[in-house]
Structures are given as structure tokens and as C-alpha cells.
1. Which of the following residues is modelled with pLDDT of 95 or more and surrounded by fewer than 15 Cβ atoms within 10 Å (Cβ to Cβ): Val80, Val42?
2. Quick test of your reading of the structure: Leu56 fulfils all but one of (1) farther than 18 Å from Ala36 by Cα; (2) in contact with a Gly (Cβ under 9 Å, 6 or more places away or on another chain); (3) of a type outside the set (Ser, Thr, Tyr). Name the failing condition by number.
3. Looking at this structure, is Leu33 at pLDDT 95 or above and farther than 11 Å from Gly87 by Cα?
4. Across the stretch 92-106, which residue is surrounded by the most Cβ atoms within 10 Å (Cβ to Cβ) among those that are β-branched (Val, Ile, Thr) and touching a helix residue (DSSP H, G or I) at 6+ places or on another chain (Cβ under 6 Å)?
5. Looking at (1) surrounded by 13 or more Cβ atoms within 10 Å (Cβ to Cβ); (2) within 13 Å of the chain's Cα centre (by Cα), which is the only condition Asp65 fails?
6. Considering only strands (runs of 3 or more DSSP E) fully contained in the stretch 20-102, which possess at least 1 residues that are farther than 18 Å from Val112 by Cβ and either of a type in the set (Ser, Thr, Tyr) or without any contact (Cβ under 8 Å) to a residue 60 or more places away in the chain (or both)?
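The values are calculated or read from the model by the stated rules, or taken from the named source; none is laboratory data. What you see is a predicted model, and the numbers here were worked out from it, not measured in a lab. Virtual Cβ from ideal backbone geometry, glycine too; neighbours counted across all protein chains shown.
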Amino acid sequence: MAKQDWKDRLGVVFSTNADFEYTHHEQPEEETLPPAKQSLRVMLDKKQRAGKMVTLVTGFVGSDDDLKELGKRLKQSCGVGGSAKDGQIIVQGDFRTRVADILKADGFKVKVI
């Protein structure tokens, strides 16, 4: 019987089987498309942000690591903060044109909304 961590069994209440093995249902990580095949949308957003403006980049298809890397590059280029999660990149402030120019230079198809 393999040693199991208690966190692996959080969904199991009780098992009477002495040979019970908890199985993991892992999602395969999404493969990142090349920049030429990605269609990104750059827009200004103020919803649920206490009236503060953010530049929102949506439509990224790929792994979370690649999304965070692209988000970090955009934030550094603009000199502001933000975040990258759930397939979206948030850059604080109105940097639509600068973000769009950076993405176009990297080979992405960009639509500014």
C-alpha cells in the first residue's frame, strides 16, 4: 500500500476496503498556441473595480505559466501592477495602445475594443 497524504483523501469519507487507493482526476495542461494563431482582445474595464480603470487582455489560449509570463512582460513594459489568471491579463490603468503595440510586435492578432 502506497503512502498517501491526508490531503489526497479530502473527498473520501470512509472506505472499508483495506486496499483502497484514492485516484486523482488531473486535468491535462492546455498547450499554448503560437502567437500568430491567437486572437487577443484588449479593452478598458471598470466593472467591479471601485471605478478604477484597468486594461484587460482576454482570449489567451495556453498554459498558466505562459499567461503569467506574458502578463509579467506587459506589466513591466507599462511600469504598473496587475495580475494574470483565468485566461485574462489585467494591467492597472489605461494602457490599451501600448499593450496592443507590444502584443502586435510579438506576433499576436490584436483587436482593441
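1. Going through Val80, Val42 in turn, the sole match is Val80.
2. With respect to (1) farther than 18 Å from Ala36 by Cα; (2) in contact with a Gly (Cβ under 9 Å, 6 or more places away or on another chain); (3) of a type outside the set (Ser, Thr, Tyr), Leu56 is out only on (2).
3. Judged against the criteria, Leu33 is not a match.
4. Going through the qualifying residues, I end up with Val99.
5. So Asp65 meets the others, but not (1).
6. In the stretch 20-102, 82-85 are the strands (runs of 3 or more DSSP E) which contain 1 or more residues that are farther than 18 Å from Val112 by Cβ and either of a type in the set (Ser, Thr, Tyr) or without any contact (Cβ under 8 Å) to a residue 60 or more places away in the chain (or both).
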